[in-house]
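The values are calculated or read from the model by the stated rules, or taken from the named source; none is laboratory data. Given the structure is predicted, the values throughout are model-derived calculations rather than measurements. Methodologically, a virtual Cβ is constructed for each residue, glycine included, from the backbone with ideal geometry; neighbour enumeration extends over all protein chains shown. Note: accessible area is taken over every heavy atom of the protein model, side chains too, but ligands, DNA and RNA are not part of it. Shrake-Rupley method; radii C 1.70, N 1.55, O 1.52, S 1.80 Å.
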Amino acid sequence: MRGKISYFVTMHRIVVLGFMGSGKTTIGKQLAENLQIPFLDSDHIIAEKAGMSINEIFAAMGEQAFRRMEEKVIEDLSALPEFVLAVGGGMPAIPGVMERLNQLGTTVYLEVSRYELLRRLLKDRSQRPLLKDKTEIELKEYIDQLYHARQSFYVKASLVLQNDALDFQDVLKALNLR
Ligand code: S3P
């Protein structure tokens with residue numbers, strides 16, 4: 001019998017999700033670089049398509065229109081074989097979207113404590129339409145509110161990683177990439 005050569009090709013589609021400030025872009029880019037596959041960001045895809053920044057989209061069209069654009073991103077990506085996708089913090093909380101993201105690829109929730117989120121977001125609010133006009137106290141209350149509203153969606157991810165101080169090697173290990 002003649003020998004048969006098999007080729008095993010592993011294709012990766014990884015979706016990184018979590019609150020604003022949870023480290024999706026940083027971890028997502030590192031993962032994409034490590035796997036040598038494209039890094040995509042739902043906010044960038046939407047902004048590029050609309051020819052406007054996320055702040056401008058919220059101001060001109062409102063949040064509901066933005067959420068519809070977020071849903072459309074999933075459809076647009078379903079034909080792509082490989083990527084690491086970081087999704088905007090609110091996308092997984094659109095009804096039905098977590099289920100669709102779980103079909104799209106391996107979903108990874110970067111869980112960060114509210115204390116750490118507040119610390120990070122206080123420094124970095126101006127580019128975020130939902131946060132930019134909030135005082136420190138308002139921001140703290142808003143994070144608490146969002147945490148309650150979104151956590152139940154986020155934990156539907158295939159993997160939940162604590163990211164207050166996550167080491168990239170731990171991410172690779174959790175994904176069986178090391
Ligand atoms: C949002 C998160 C943002 C962006 C928009 C709304 C949210 O993305 O999609 O400002 O509702 O949490 P990041 O989580 O990447 O900051």
Q. When residues of segment 63-81 are filtered for being away from the ligand (no atom under 12 Å from the Cβ) and open to solvent by less than 50 Å² (accessible area, probe 1.4 Å), how many remain?
A. 3
Q. Just a yes or no: is a residue in segment 54-61 in contact (Cβ under 8 Å) with a residue 40 or more places away in the chain and over 29 Å from GLU116 (Cα atoms)?
A. no
Q: Check every one of the helices (runs of 4 or more DSSP H) wholly within segment 63-178 and list those with 2 or more residues that are more than 18 Å from ARG13 (Cβ to Cβ) and in contact with a Pro (Cβ under 9 Å, 6 or more places away or on another chain).
A: 63-77, 136-154
Q. Quick one: in segment 108-141, which of the residues that are within 14 Å of the ligand (Cβ to nearest atom) and of a type in the set (S, T, N, Q) is most open to solvent (accessible area, probe 1.4 Å)?
A. GLN127
Q.
For the structure I just gave you, tell me whether ALA32 is under 20 Å from ALA157 (Cβ atoms), touching a strand residue (DSSP E or B) at 6+ places or on another chain (Cβ under 9 Å), modelled with pLDDT of 95 or more and crowded, with 17+ Cβ neighbours inside 10 Å.
A. yes
Q.
Against the definition (surrounded by 14 or more Cβ atoms within 10 Å (Cβ to Cβ), in a helix (DSSP H, G or I) and more than 13 Å from the ligand (Cβ to nearest atom)), how does ALA47 come out, yes or no?
A. no
Q: With the checklist (1) within 16 Å of the ligand (Cβ to nearest atom); (2) assigned to a helix (DSSP H, G or I); (3) out of contact with any Phe, Trp or Tyr (no Cβ under 9 Å at 6 or more places or on another chain) in hand, flag the one item MET52 doesn't pass.
A: (2)
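Matching residues to (1) touching a residue at least 24 places away in the same chain (Cβ under 8 Å); (2) under 30 Å from ILE37 (Cβ atoms):
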residue: VAL73; (1), (2): yes, yes
residue: PRO95; (1), (2): no, yes
residue: VAL108; (1), (2): yes, yes
residue: ILE137; (1), (2): no, no
residue: SER158; (1), (2): yes, yes
residue: PHE168; (1), (2): yes, yes
Q | Matching residues, segment 141-171, being in contact with a Lys or Arg (Cβ under 7 Å, 6 or more places away or on another chain) and β-branched (Val, Ile, Thr) | A | ILE143
Q: Scan segment 5-29 for residues that are surrounded by 18 or more Cβ atoms within 10 Å (Cβ to Cβ) and either within 11 Å of the ligand (Cβ to nearest atom) or of a type in the set (Ser, Thr, Tyr) (or both) and jot them down.
A: VAL16, LEU17, GLY18, PHE19, MET20, GLY21, SER22, GLY23, LYS24, GLY28
